[in-house]
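Q: Following this message is one structure expressed as structure tokens.
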Amino acid sequence: MIEFCGENYESKPSETVLETLLRHKVQVGYSCMQGDCLSCVLRCVEGTPTAESQEGLTRRMQRTGHFKACVCPAELVQVVTRAGG
């Protein structure tokens, strides 16, 4: 289960955060779906994004919980917001 902008979304096993949100028709930015373009960066408020999902981000972004939603397993994060929020 992922909480995003005050709404809860059920995730499936082995689904990424981005896949979960898109399946529920949530409007989020994305492009490459591989972690290269950084269009899908979100911020984790509760949970632990993987090191892979934070690769390529600045240290400040990593410290503040930002991660690439397209490569982060949904089961590792519980509360997520938009990168600027």
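The values are calculated or read from the model by the stated rules, or taken from the named source; none is laboratory data. These numbers come from a predicted model, not from an experiment. Heads up, the Cβs are rebuilt from the backbone with ideal geometry, glycines too, and the neighbour counts pull from every protein chain shown.
Q: Among the residues of the range 58-72 satisfying the criterion of being over 16 Å from LEU22 (Cα atoms) and touching a residue at least 12 places away in the same chain (Cβ under 8 Å), which is surrounded by the most Cβ atoms within 10 Å (Cβ to Cβ)?
A: PHE67
Q: Then there's this: I'm checking my understanding of the structure. Among residues of the range 33-52 that are part of a strand (DSSP E or B) and among the hydrophobic types (A, V, I, L, M, F, W, C), which one is surrounded by the most Cβ atoms within 10 Å (Cβ to Cβ)?
A: Result: LEU42.
Q: Something else: Among (1) touching a Ser or Thr at 6+ places or on another chain (Cβ under 9 Å); (2) assigned to a loop (DSSP other than H, G, I, E, B), there is one condition GLU19 misses while meeting the rest; what is its number?
A: Of (1) touching a Ser or Thr at 6+ places or on another chain (Cβ under 9 Å); (2) assigned to a loop (DSSP other than H, G, I, E, B), only one is false for GLU19: (2).
Q: Moving on to the next point. Please work out which residue is nearest to THR81 (Cα to Cα), limiting yourself to the range 45-61 and to residues that are β-branched (Val, Ile, Thr) and in contact with a helix residue (DSSP H, G or I) (Cβ under 7 Å, 6 or more places away or on another chain).
A: That would be THR48.
Q: What residue, of GLU55, GLU75, is acidic (Asp, Glu), under 18 Å from VAL26 (Cβ atoms) and either surrounded by fewer than 18 Cβ atoms within 10 Å (Cβ to Cβ) or at pLDDT below 95 (or both)?
A: GLU75
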